[in-house]
Amino acid sequence: MAKIANVALTNTFDFWRGQTNIVFDRLSQFAINNNRLYSNTIVANNVLKSLGNTVLGASGKRAVVNGLLSANGRMTISTNLDVTGNTAANKATVTSALTVSGNTTLGAAGKTITSTGAASHTGTATISTNLTVSGNTSANKSTVTSSLTVSGNTTLGAAGKTITSTGAASHTGTATISTNLTVSGNTSLSAGASNTFINFNGARLTNYSEYANSSVNTGSSISVSDNTNFARYTVTASTTVTLPTNSTNPGASPAVKTLVLFFKQNGTGGYTVTLAAATGGTIIYNNSASQPAVNTTANKRTIYHCMKFDNDNAWYVSQSFIDA
């Protein structure tokens, strides 16, 4: 800035000329040119307003605002943002995406993090206390690609909701189902379908039915399958019926196997039925040295009950029903 020229002046005017030049010297240091101001420290006792784009904090510097910092437009922070003191959750709004690298803690004690869209996490998410999901949630919004480990008591599925697994659900501890368990499709229990042993620990079974094989024509000989408990035959010729070799599941010892044999003569009748034990076994009849004969009259029925212990080679057989 131009200064007042040195001319012959009165002492009073010369005093004020000197004071004015001091002010101009200070303004020259503050105004580098007509478009830029420079100062080590600017103190605004009331309000500091910037009408255009403003840069706060040079490279390696920090902009510190002890009061309220409001950005009505867009504020970009290239390095660090430090917030101290009480901060309301609605003061920070991310309209598109928030990317956080490194270890990050969101939500102070007693605070809630709310997402109106989808929360996606590509790394490891650790929940130390509770995970609460409210509102409509699609099953495909939560995907576990390897394993999900839950410790403690955990409830999955609200009232009227269904948990569906397209793969295998494995549980190494105790699974408690308080209402119903529905299994559709092929289901295997224990080692194999014909080698299943279920221990109910004294629990009662009510209102159940056993599986009965379809009626089979005997021919001249037939063998009863090891995994059969009720066999129904139509006698079409004088036949020999061989009882099973195994009494029960070998892994369930001690155990006992019961077998019901139902015979019905065909429309011709006149055929005999002879029971035989498998190789190495015997048959002992109830209060008789020989087998009680079947009714050979056409369409007449005869029933035998058989029992065998897993450590006994003998079948114990009694004739429980015969048509008059």
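Read-outs throughout are calculated quantities, based only on the coordinates presented, and are distinct from any laboratory measurement. What you are looking at is a predicted structure, and each value in this text was computed from that prediction instead of being measured. Cβ coordinates were reconstructed from backbone atoms using ideal geometry, including for glycine residues, and neighbour counts include every protein chain displayed.
Here are a few things to note about the model shown:
- Using the Cβ-Cβ distance between residue 183 and residue 307 with R0 set to 30 Å, the FRET efficiency from 1/(1 + (r/R0)^6) comes to roughly 0.45.
- For the stretch 216-322: rounded, prolate or oblate by the Cα gyration tensor [a/c cutoff 1.5]: prolate
- Beta bridges per DSSP, both residues in the stretch 233-324: antiparallel share near 60 percent.
- Pairwise label distance in nanometres, residue 320 with residue 228, each label 7 Å out on the Cα-Cβ vector: 1.6
- Local electrostatic count at residue 322 - Lys and Arg +1, Asp and Glu -1, tallied over other residues with Cβ under 9 Å: +1
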